[in-house]
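Each remark here refers to the structure printed beneath this line.
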Amino acid sequence: QVQVVESGGGSVQPGGSLRLSCAASGSIFSLYNMAWYRQPPGNERELVATITSTGRPTYADTVKGRFNISRDDAKASVYLQMKNLKPEDTAVYYCRTEINARLQYYWGQGTQVTVSS
């Protein structure tokens, strides 16, 4: 079995920064694509950023230039560095990992990010 845990959320003022971490543990043999999603209050979950097994990132237009996704396969971890945060970035952020087989996804429990003055 695989467990995925996010950390690093919190409250920050507009213009601030946060770094989210996501670590997978358990019976891990292969790591594939990893991604960060978020779910704003009252809205559906949306894709924020992805990173392939070769390290190629993609970003939603709303976060491009402000967020940076990275991974450390030795630690089975993926990170999301967020800068110049805006109130509209407020959401629960979820990590999705693709582990041991293509399309075999494991999700974390989510971490709250609140951007408010």
Looking for whichever is open to solvent by 40 Å² or more (accessible area, probe 1.4 Å), assigned to a strand (DSSP E or B) and β-branched (Val, Ile, Thr) here; the options are 50, 58. Which one fits? 58
Which listed residue, of 25, 70, is of a type outside the set (A, V, I, L, M), open to solvent by less than 50 Å² (accessible area, probe 1.4 Å) and either in contact with a His (Cβ under 6 Å, 6 or more places away or on another chain) or part of a strand (DSSP E or B) (or both): 70
Is it true that residue 63 is surrounded by 15 or more Cβ atoms within 10 Å (Cβ to Cβ), at pLDDT 95 or above and not in a strand (DSSP E or B)? yes
Under 9 Å between Cβ atoms, at least 6 apart or on separate chains: pull out the pairs that start in region 50-63 with a residue that is on the phi > 0 side of the Ramachandran plot and end on any residue that is modelled with pLDDT of 95 or more and open to solvent by less than 50 Å² (accessible area, probe 1.4 Å). 55/70; 55/71
What are the pairs, 6+ residues apart or on separate chains, where a residue within region 1-26 that is under 13 Å from residue 109 (Cα atoms) has its Cβ under 6 Å from a residue that is aliphatic (A, V, I, L, M) and open to solvent by 50 Å² or more (accessible area, probe 1.4 Å)? 23/5
Considering only residues that are in a loop (DSSP other than H, G, I, E, B), open to solvent by less than 40 Å² (accessible area, probe 1.4 Å) and of a type in the set (A, V, I, L, M, F, W, C), which ones fall in region 73-108? 76, 85, 101
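The values are calculated or read from the model by the stated rules, or taken from the named source; none is laboratory data. Bear in mind that the values here come from a model prediction, so they are computed numbers and not experimental data. Every residue, glycine as well, gets a Cβ built from its backbone with ideal geometry; the counts of neighbours run over all protein chains shown. Side chains included, ligands, DNA and RNA excluded: accessible areas come from the protein's heavy atoms. Shrake-Rupley method; radii C 1.70, N 1.55, O 1.52, S 1.80 Å.
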